[in-house]
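Working notes for the structure below.
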Amino acid sequence: MEPQIRYCTTADGVSIAYCVSGEGPPLLACPHLIESFGLDHMWPPYEQFMSALARHRRLIRFDTRGLGLSDHNVTDFSLEALIRDIDAVVTAVGFDTVDIWAPLASVMRAIGYAVQRPSRVRNLVLYQAHESGADAFRPERIKGMAALARSDWRTAAHAMAGSMPAPISAASGLYMVGEWNRKSATGEAYACLMEAMIETTVAELLPGVATPTLILHHRSDHFVPVRFAQKVAAQIVGSRMRILDGPGGFFFVTEDRARDTADAVEGFLREGDDPTPSSVAPSAPSGMAVVLFTDIVDSTALTERLGDTVFRTASRTLDEGMRAAMRDAGGTPVEGKVLGDGVMGVFTSASQAIAAARRCIELSAKSELQLHVGLHAGDVIHEKGNVYGGAVNIASRVCGLSAPGEVLVSDIVRGLARTSAGVEFEDRGEQALKGIDDAVRVYEVRWRE
């Protein structure tokens, strides 16, 4: 069955193609190098491996920016950019946490994501691990291949296939892998990606990986010597390393090797499995809920002033802090996409939601980012990791009315929370909200000192 193609958008506006298959705890399978998930049939051992991973998992796959079915109008292949691809997909599928399988070209981006977003990664499995792109990809060879790719992509794509281990050396196998390479990318995209990778290192990030990690490697890997993987394992505190017999290379050239590798991954992941996947749906309140909506004030202007890297770092830090604050207050942060640059949470208690709102304002005061904050209560619908319904729309509109650093609530929330200790409400009158037929009375929340 052909995969159902879906799309999500990264923080820098790149459209990423992804697909989901199987049932069970979520496993994000990152790309090996330049393949596209829509072309698995072109190399059966790879297809068999992916099927084996999906036997007990809800398998999530995506194509790297600039490659396959993803947006080709891309020039940024930096580590930060590749991390954004992962973050966009994880957000789109709607799970609080995912396991990550990261082979070869995805090792460094997965490490970076686990450090930046530790609360979203449950387990990490690295295959052909390395701390520097120069270790894995031999810069002089890549520079020569990049030049050839730009001038003659067909020849370069087939030349890459020639470096694969036996029995791919059979003429039919070489041709098929060469065509797989060619159809998965353009010469320019391949060259830009690989040139960026050989300049990338995650050596300084490795001690910061707090996620349970398995380093998986084949003993006789001809492409990435096992010593590079051992070096990574030594720097990730508490990580495990498992060395499998046989030649290296991800193209699992026999069915037995594909199955054995998938079994090693499954065995590690199963140790930490919960009874149900950790999505918003099982833990979020059903029916009536109090919706807390936040949004960063004037994020476009801030990005221009601070620069994209500084802004994204600050917003990620604030995002993580607000989600933790919502959980601590007894609510559930929604992992699905929220309009703007904020976070939405749902609560069963108005007082809990207001307490979380106060903590979000306090967190923003410690950064350069200010917040709009609004709350409303009503019936909500949970679907695919997100929350929908009229209550969400009104909460968003109330949020938009608030001044920077101010918390506004609807009259319904005020009624639910009017007996909360330490809280006062200042009437702001009835407000016409865009797209809402009836005016809504709103109140500013003030805390007694």
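The values are calculated or read from the model by the stated rules, or taken from the named source; none is laboratory data. Owing to the predicted nature of the structure, the values given are computational and were not obtained by experimental measurement. Counting neighbours? That spans all protein chains shown, and the Cβs are built from the backbone with ideal geometry, glycine included. Side chains are part of the model used for accessible areas, which takes the heavy atoms of the whole protein and leaves out ligands, DNA and RNA. Shrake-Rupley method; radii C 1.70, N 1.55, O 1.52, S 1.80 Å.
Its relative contact order, with pairs defined as Cα atoms under 8 Å and 6+ residues apart, puts the chain at 13 percent. Highest mean packing comes first when the peptides 225-233, 178-186 are listed by Cβ atoms within 10 Å, giving 178-186, 225-233. Note that the range 354-440 presents 50 Å² accessible area per residue, ligands and nucleic acids not counted, probe 1.4 Å. Using alpha-carbon positions, what is the distance between the centroids of the range 338-408 and the range 187-249, in Å? Distance between centres, Cα-based: 40 Å.
Per-residue 3J(HN,Hα) values for the range 106-115, derived from phi via the Karplus relation 6.51 cos²θ - 1.76 cosθ + 1.60 with θ = phi - 60°, read 9, 4, 5, 5, 5, 4, x, 5, 5, 6 Hz in sequence order (x marks Gly and Pro).
Sequentially through the range 188-197, phi angles give Karplus couplings (6.51, -1.76, 1.60; θ = phi - 60°) of 5, 5, 4, 4, 5, 4, 6, 5, 5, 5 Hz, Gly and Pro residues having no value and appearing as x.
Given the peptides 7-16, 112-121, 291-300, arrange them by the average over their residues of other C-beta atoms within 10 Å, most packed first. Kindly include the intermediate steps, with their values, before the conclusion.
On the way: 7-16: 17.7, 112-121: 20.5, 291-300: 22.4.
Averaged packing, sorted descending, gives the order 291-300, 112-121, 7-16.
Rounded to two decimals, what is Rg over Rh for the chain when you use alpha-carbon atoms and the Kirkwood radius?
Values: Rg = 24.0 Å, Rh = 23.4 Å.
Taking Rg over the Kirkwood Rh, I get 1.03.
Can you give me the angle between helix 139-151 and the longest principal axis of the chain, using Cα atoms only, in degrees from 0 to 90, rounded to the nearest 10? Taking Cα atoms only, the helix is inclined about 90 degrees. For residue 233, the shell of other residues with beta-carbons less than 11 Å away shows a net charge of +3, using +1 for Lys and Arg and -1 for Asp and Glu.
For the range 296-449, the relative contact order comes to 18 percent (Cα pairs under 8 Å, sequence separation of at least 6).
At a threshold of 8 angstrom on Cα-Cα distance, excluding pairs fewer than six apart, so keeping six or more, what relative contact order does the range 356-439 reach in percent? Working shown, then result.
Numbers: 102 pairs, mean separation 23.1, N = 84.
RCO, the range 356-439: 28 percent.
Proximity of backbone amide H atoms, modeled 1.01 Å from N, is registered between residue 220 and 246, 248 at under 5 Å, excluding neighbours fewer than 5 places apart on the same chain.
Helix 255-270 and the longest principal axis of the Cα set of the chain meet at an angle near 30°. Rounded to the nearest 10 degrees, the angle from helix 79-93 to the longest Cα principal axis of the chain is 60 degrees. For residue 98, the residues whose modelled amide H falls within less than 5 Å of its own, excluding neighbours fewer than 5 places apart on the same chain, are 121, 122.
Derived from the Cα gyration tensor, the three semi-axes of the equivalent ellipsoid of the range 398-449 are 21, 13, 7 Å, largest first.
Once you list every other residue whose beta carbon is under 14 Å from the beta carbon of residue 54, what net charge do they have if Lys and Arg are +1 and Asp and Glu are -1? Overall, the nearby charge balance is -1. Note on residue 56: accessible area approximately 90 square angstrom, rounded to 10, probe 1.4 Å, nucleic acids and ligands left out. Normalised size of the range 1-126, defined as Cα radius of gyration per 2.2 N^0.38 Å with N residues, equals 0.96.
Rounded to whole numbers, the Karplus 3J(HN,Hα) couplings from phi for the range 354-365 are 5, 4, 5, 4, 4, 5, 4, 5, 5, 5, 5, 5 Hz, using 6.51 cos²θ - 1.76 cosθ + 1.60 with θ = phi - 60°, and x at Gly and Pro.
For residue 331, the amide hydrogen comes within under 5 Å of no other amide hydrogen, counting only partners 5 or more places away or on other chains and with H modelled in the peptide plane.
Taking all protein chains as present, what is the carbon and sulfur share of the accessible area of the chain, in % to the nearest whole number, probe 1.4 Å?
Values: 9350 of 18500 Å².
Carbon with sulfur: 51 percent of the solvent-accessible area.
Just order 367-374, 302-309 by mean Cβ neighbour count inside 10 Å, highest at the front, would you?
Details: 367-374: 21.9, 302-309: 14.0.
So the order, starting with the most tightly packed, is 367-374, 302-309.
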